[in-house]
Amino acid sequence: MVAALDEARVTERLGEVPGWTLDATRGALYRQLRLKDFASAFALMTRIALAAEQADHHPEWSNVYNRLDIWLTTHDAGGVSERDFALARAINAMLEE
């Protein structure tokens, strides 16, 4: 079973995932992205979906045209876990490519 990290530990570790914040209301890491256009947003979502499926850890997200809002939380743990930080790092790496 994956354990949730306490809020202080999550806040402390946010420096590992630039661009992400803690959405304490949802118990999730959060990031909003603005991409070039809808095709770019959808292409990134596809890449994230493939990585998420491989990790068996899926984001909550919303997409409107070029904007992508992503929340990462581990429902089984009841909050943010190491799995969320791992997926946030993977998403950040995709953005650097």
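Fewest Cβ neighbours within 10 Å first, please rank Tyr30, Tyr65 accordingly. Mind showing how you got there, number by number?
Working: Tyr30 19, Tyr65 10.
Listed from fewest to most nearby Cβ atoms, that is Tyr65, Tyr30.
Choose one of Ala49, Asn66, Ala3: the residue whose Cα lies farthest towards the positive end of the charge dipole of the chain (beta-carbon charges +1 Lys, Arg; -1 Asp, Glu; about the Cα centre).
Highest projection toward the positive end goes to Asn66.
What order do you get for Thr73, Thr25, Thr11 when you list them from fewest to most C-beta neighbours inside 10 Å?
Values: Thr73 22, Thr25 7, Thr11 14.
The fewest-first ordering by Cβ neighbours comes to Thr25, Thr11, Thr73.
Within the P(r) computed for the chain, what percentage of the Cα pairs occupies the region above 24 Å? Please list the in-between numbers first.
Values: 767 of 4656 pairs.
The proportion of pairs with Cα distances above 24 Å equals 16 percent.
With +1 assigned to the C-beta of every Lys and Arg and -1 to the C-beta of every Asp and Glu, and no other charges, what is the dipole magnitude of the chain about the Cα centre in debye, to the nearest 20?
Values: 10 positive and 15 negative charges, 64 e Å.
In debye, rounded to 20, the chain gives about 300.
Taken together, the values in this text are just the output of simple stated rules run on the coordinates, not laboratory data. This structure is a prediction, so every number in the text was calculated from the model and none was measured. Positions of Cβ are generated from backbone atoms using ideal geometry, with glycine treated the same way; all protein chains shown enter the neighbour counts.
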